[in-house]
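Notes follow the structure.
The values are calculated or read from the model by the stated rules, or taken from the named source; none is laboratory data. These figures come from a predicted structure and were not determined experimentally. Note that we place each Cβ from the backbone using ideal geometry, even for glycine, and neighbour counts take in every protein chain shown. The area values use the complete protein model at the heavy-atom level, side chains included, leaving out ligands, DNA and RNA. Shrake-Rupley method; radii C 1.70, N 1.55, O 1.52, S 1.80 Å.
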Amino acid sequence: MTKLTGESAISQALGARQKASVVIGVPGSIGWHPVFIDDGYRRTVQSYIISLLQRLRQHQQANAEWHAHVALLGHYLLRLPEHDWFLTDSRGDLLRFVVEQLAHAVDELSRLPTMALHGGVAGVGWVIAHLSTTINAADVELSLEELDTFLSQAVCEESWDGHFDLISGLLGLAAYFFERPSFEGSRNSLTAILNHLDRMAEPRENGLFWPTPIGCYPRGVGESQHLRRTDLGVAHGLPGVVGILCQLVAMGIDPPRSHRLFRGALDGLLTSRSADDPLLGFPYQAEDRCLSRPARLAWCYGDLGIAGVLAAGADRLADQRLAEEAQRLASTAAMRESLASGILDAGLCHGAAGVAHLFNRLYQRSGDVRLQEAAVRYYLYALEFLSAGHGNHRFDPTAAAGEPWVEDDSFLGGAIGIALALLTACFPISPDWDRLLLVS
């Protein structure tokens, strides 16, 4: 692909440089300002979203999560200011499409195999709860009370045998209950999740750790060789625990215990960066801190995703230490060369659009123009994938027949997430959807 990430391209995309009037770590100070000012790049994004919507309308069979995430994209498009409306649909047509997609999600909900936030019923419920300001529950013939009760009963069991992670486990269910404050059982459910996390914690000399549970290792990885290893990715490991515990502290859930666990988890996390050089950042697992091999630049693993979680925590707790740690990690990540980032596609989870969005989110908090420039650099990198025909694909080196590009319209890995990230690069729309990623 032709590289568009030089200084001239970044300057063109930025247009007149903006100065954000925000302060790290001060709740309520966050605004949202577009970083793509150049009309040419904005038109590229608009064309991509229009084309994506047309293609999504043609899908007839999909699962509940897919329909929910299509509705999520439509919800954020409905937030476009009147003078920025670029869609061929009217607002009324788009609203009807969003309602239709939620209705399909509800119809297909029972077919989902797990309770997970990403890939299961909790994720669909999260979207429906999130869209409640746009869509009345009656419009999709669903009361979330039944789902609330089902998930609450699951976490209130005496023991929890599954993963604790954000993607498929306890942390993801906590994120659901954070999005459902109106459910009277939310606090009890969050207290139960805190109980499970307390039991699963492993005290060590330098803090608290949550090793990956037996039976929850990635497919094909031998458990014996990874026994008692602590994942350092937001998606599956300790940074996700820190993010959820921070929210429990902010909500006042069992204050002495939540605060103790949060501080222990934070200590464990911050002492897990490279032992040789702190500038090398975080490895994939805590036990690898002596290998001098940092994780790639991504949301799911590495410094940037951790910086996003810590910055969100700084906002919630008005904690300057967290803000400074987040800024330090983000600044170091911004210095990494694009070719050394490990990016192979454009998706949110570990692709260019996700990296760009994290830099943008961190810039919006800090006003640090180095992070703004890094955001634009990776947004441009994402556009390169689009121009190469991979705007609705993810890179999968394990794919059959030697073709690594797999069609993907999903939120985490594919076109819907890419579109959401690019939308908030161009327009003054606060991306509250990234609460699904624990970075707001």
message: Which residues does the label zone of H259 cover in segment 170-189, counting backbone N under 13 Å from a point 7 Å along Cα→Cβ?
response: none
task: Once you have all Cα-Cα distances for segment 308-366, histogram them in 5 Å bins from zero and send the whole-percent values.
output: 4, 19, 26, 23, 16, 9, 4, 0
message: For a protection proxy built on the mean count of beta-carbon atoms within 10 angstrom, sort 74-84, 350-360, 381-391 highest first, please.
response: 350-360, 381-391, 74-84
task: Determine how many Å³ per residue the convex hull of the Cα atoms of segment 347-440 encloses.
output: 92 Å³
task: With θ set to phi - 60°, apply the Karplus curve 6.51 cos²θ - 1.76 cosθ + 1.60 along segment 298-315 and write out the HN-Hα couplings as whole Hz, x wherever there is a Gly or Pro.
output: 6, 7, 5, 9, x, 4, 5, x, 5, 4, x, 5, 5, 5, 4, x, 4, 5
field: Per residue value of the accessible surface for segment 372-440 (all protein chains in place, 1.4 Å probe), Å²
entry: 27 Å²
field: Unit charges at the beta carbon, dipole of segment 300-366: most positive-side option, L329, Q364, C349
entry: Q364
statement: Counting sequence-distant residues (5 or more places) and residues on other chains, those with an amide H built under 5 Å from that of H393 are D408
query: So what are the ³J(HN,Hα) numbers for segment 43-51, from phi and the Karplus equation (6.51, -1.76, 1.60; θ = phi - 60°), rounded to whole Hz, Gly and Pro as x?
result: 5, 4, 5, 4, 5, 4, 5, 4, 5
query: Convex hull volume of the Cα atoms in segment 56-185, per residue, in Å³?
result: 111 Å³
Sequence-distant residues sharing a close amide H with W405 (under 5 Å, placed H): D396
message: Let me cross-check R229: its accessible surface, 1.4 Å probe, with only protein heavy atoms counted, in Å² to the nearest 10?
response: 40 Å²
